[in-house]
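Inspection log for the structure reproduced underneath, given as structure tokens.
The values are calculated or read from the model by the stated rules, or taken from the named source; none is laboratory data. The structure displayed is predicted, hence computed values, not measured ones. For the accessible areas, the whole protein counts, side chains as well, though only heavy atoms, and no ligand, DNA or RNA atoms are used. Shrake-Rupley method; radii C 1.70, N 1.55, O 1.52, S 1.80 Å.
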Amino acid sequence: MNKFTSALWVIISVTFMSAFISACSEQAQQSQMLHQAVAIESTDECHLCGMLIMNFAGPKGELFKNGVTEESSNKVNKFCSTRDMFSFYLDPENKRNVTTMLVHDMSKMPWNAPKDEFFIDARKAWFVAGSEKTGAMGKTLASFSKQTDAQAFADEFGGKVLDFTEITIEVLL
């Protein structure tokens, strides 16, 4: 191969790889956009217990599941508390189908007024179990984006700081 042919192959290869990487990046970004938090409306009911979500204090949860159709995979399941969300998620039939889980970052707002703009990825969150604060169904898991905020909450209101992988059915009881 001469220098011109070699350079041409390099240019073609780089162009192809750039297009491939760009397409993958756009697809990942589009998929990520499909799983943004959905506003909790005054008439929304908890997917697990059926209670009106807005009637209760404390962090709420949302999750998305794999679906057979695009419409079903974009449907959000909303929960009146992080405890209800985890109760649903930890069922083996549900766990394997969940793609995205969101919870409120309680370091950003008062306990009695969670705000939709402060949802965070539950898999990266820190939780306080066993605090004196309650949610819709009594005991709940206070959720935080930073471990230091979770520890400060536990120091003030009691409880134990856990990461996502440490949340089990036993923790919820």
Indicate the gyration tensor shape class of the range 86-173 (rounded, prolate or oblate), computed on the Cα atoms with a ≥ b ≥ c the square roots of the eigenvalues: a/c under 1.5 is rounded; otherwise a/b larger than b/c is prolate and the rest oblate. prolate
Heavy-atom accessible area of residue 139, protein chains in place, probe 1.4 angstrom, given in Å² to nearest 10, is 120 Å²
Mind checking which lysines have their C-alpha under 21 Å from residue 65, skipping anything on the same chain fewer than 8 residues away? 75, 78, 95, 124
Order the following by accessible area, largest value first: 84, 116. Probe radius 1.4 Å; ligands, DNA and RNA are ignored. 116, 84
